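Peer 1: Can you read through this structure? Questions will come right after.
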Amino acid sequence: ASPVVVAVDGPAGSGKSSVSRAAARELGYDFLDTGAAYRGLAWHALDAGIDLDDADAVRGLLAAFDYRVVPAPGGAHVSVGGADVTEAIREPRVTAVVSSVARVPEVRVALNDVFRRLIRETPSPGIVVEGRDITTVVAPDAQVRILLTADEEVRIARRAAELTPDQAATARQLAERDKADAKVVDFLTAADGVTTLDSTHLNFAETIQAVVDLVHDTV
Ligand code: C5P
């Protein structure tokens, strides 16, 4: 059988990364975190010292953007230009600027090419691809398409639970990042044929199970 593509979109703090990764593991599928590539480019922009509000300068980074994902036990490693940035791309300084990079249209076109190639090269049984525009732009033909949501208070509470008290402002930045991102791609309403999975009243294990069930029901 040809590899199954499972597309998962949703806002920050919906748990879509950890849910998608765990569901992929349970299904025996590969996993592609597209946000990591946007974060990799944002890291590269900071490293190069360019002005993040200068779209021309951001576009200029694309030609030499050498982004690699190397599967490893315990989670894939991400490198940019040979530097391992797996942890660096999660730093608040990267999170703070990633939306500025992601709103440049040429950036989205270039990264979408990378994502589509990775999806094409996926072996059976399949891959779970997670982001903001996977169900609509990157893989609209995916056999399973899911919009993972949760009420905003729940998303902020889940994220805040991971943080120390002095980082509580990060919860507010989460809402601001969603607002900026939502101006570029609509990940708040389900497109035609996309199943909305509302995790407001589900715990982590139940949400993973709901994704796995959707895949089993479809393929
Ligand atoms: O999912 P994550 O929070 O790691 O995504 C980081 C950022 O990458 C988002 O805030 C958004 O700006 C951008 N992104 C995007 N399209 C995607 C995935 C991520 O614009 N498919």
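FYI, it's all coordinate maths here, none of it is from the lab. Just so it is clear, the structure is predicted and the values come from calculations on it, not from any experiment. Cβ: placed from backbone, ideal geometry, glycine included. Neighbour counts: every protein chain shown.
Peer 1: Compute the FRET efficiency between D141 and D198 as 1/(1 + (r/R0)^6), taking r as their Cβ-Cβ distance and R0 = 22 Å, and round to the nearest 0.05. Let's see the in-between values first.
Peer 2: Numbers: r = 24 Å, r/R0 = 1.11.
The computed FRET efficiency comes out at 0.35.
Peer 1: Based on the alpha carbon coordinates of the stretch 34-124, what radius of gyration and maximum Cα-Cα distance (Dmax) apply, in Å?
Peer 2: 12.9, 42
Peer 1: Which one of V184, F204, V219 is farthest out on the positive end of the charge dipole of the stretch 180-219, using unit charges on Cβ (Lys, Arg +1; Asp, Glu -1) and the Cα centre as origin?
Peer 2: Ranked along the dipole, the leading option is V184.
Peer 1: Using 7 Å Cα-to-Cβ label points, what is the E26/A83 separation (nm, one decimal)?
Peer 2: Modelled inter-label distance: 3.8 nm.
Peer 1: Now a separate question. Which residue, V129, V70, V194, has the most motion in a Gaussian network model of the chain that connects Cα atoms within less than 10 Å?
Peer 2: So, out of V129, V70, V194, the one fluctuating most is V70.
Peer 1: Looking at the stretch 155-218, which GluC sites (Glu not before Pro) are in a loop (DSSP not H, G, I, E or B) and have at most 16 other Cβ atoms within 10 Å?
Peer 2: Numbers: sites: E162, E176, E206; in loops: E162.
Hits after loop and neighbour filter: E162.
Peer 1: Against the 2.2 N^0.38 Å scaling, with N counting residues, where does the stretch 136-219 land? I'd like the Cα-based Rg ratio to two decimal places.
Peer 2: Numbers: Rg = 14.8 Å, N = 84, 2.2 N^0.38 = 11.8 Å.
The value comes to 1.25.
Peer 1: Which of G126, A150, V19 sits farthest toward the positive end of the charge dipole of the chain, with +1 on the Cβ of Lys and Arg and -1 on the Cβ of Asp and Glu?
Peer 2: G126
Peer 1: Over the stretch 34-124, what relative contact order in percent results from Cα pairs under 8 Å that are six or more residues apart?
Peer 2: Working: 90 pairs, mean separation 29.7, N = 91.
Averaging sequence separation for qualifying contacts and normalising by length gives 33 percent for the stretch 34-124.
Peer 1: Between the alpha-carbon centers of the stretch 97-160 and the stretch 23-92, tell me the distance in whole angstrom.
Peer 2: 14 Å
Peer 1: Based on the Cβ-Cβ distance from D217 to D186, what FRET efficiency comes out when R0 is 30 Å, to the nearest 0.05?
Peer 2: Numbers: r = 25 Å, r/R0 = 0.85.
Efficiency computed from Cβ-Cβ geometry: 0.75.
Peer 1: Would you kindly compute the Cα radius of gyration of the chain and its largest Cα-Cα separation (Dmax), both in Å?
Peer 2: 16.7, 50
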